[in-house]
């Protein structure tokens, strides 16, 4: 009896979409589910990934210049040495994401959740961090020159690791 119940439940979930569809080969699109996908060294410039599930995905050394990642969920994602210049990351969930050596020049990160994220030696020159959540974020040697800090203050020349 128990076995029949499990089989019926599995069939119902598969038939009615209870199981999430993840296809790493899907093209870049709004709401795409690329969780746990390896998308390293990809050119995704100008792509619209708004509202996408990028949890635990890897974008190391990828180009995402001007990409729209607004409201994405990218917890634990890896963006090591990626280029996200002019990318839109507003209100994105980037908790514990890794942006080591990433270029986030002029990135729009207002309202982003960057708690426990790693921005070690990241280039955040001119980035907008207004209202971003930065608790326990590793910003060691991150360049914040000209960035707009969480409180709306503009960071001065030589702002490394902290807004001056």
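Taken together, the values in this text are just the output of simple stated rules run on the coordinates, not laboratory data. Bear in mind the structure is a predicted one, so any value in this text is a computation, not a measurement. Virtual Cβ from ideal backbone geometry, glycine too; neighbours counted across all protein chains shown.
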Item to check | Two-site FRET efficiency, residue 161 against residue 91, from Cβ-Cβ distance with R₀ of 22 Å, rounded to 0.05 | outcome: 0.30
Checklist outcome for this item: One point scatterer per Cα, no solvent, Debye formula: log10 I(q)/I(0) for the chain at q = 0.13, 0.14, 0.15 Å⁻¹ comes out as -0.58, -0.65, -0.72
Checklist outcome for this item: Rounded to two decimals, the Debye log10 I(q)/I(0) of the stretch 74-164 (Cα scatterers, no solvent) at q = 0.14, 0.15, 0.26 Å⁻¹ is -0.37, -0.42, -1.52
Checklist outcome for this item: Ranked by GNM mean-square fluctuation in the chain (Cα springs under 10 Å), the top entry among 128, 26, 80 is 26
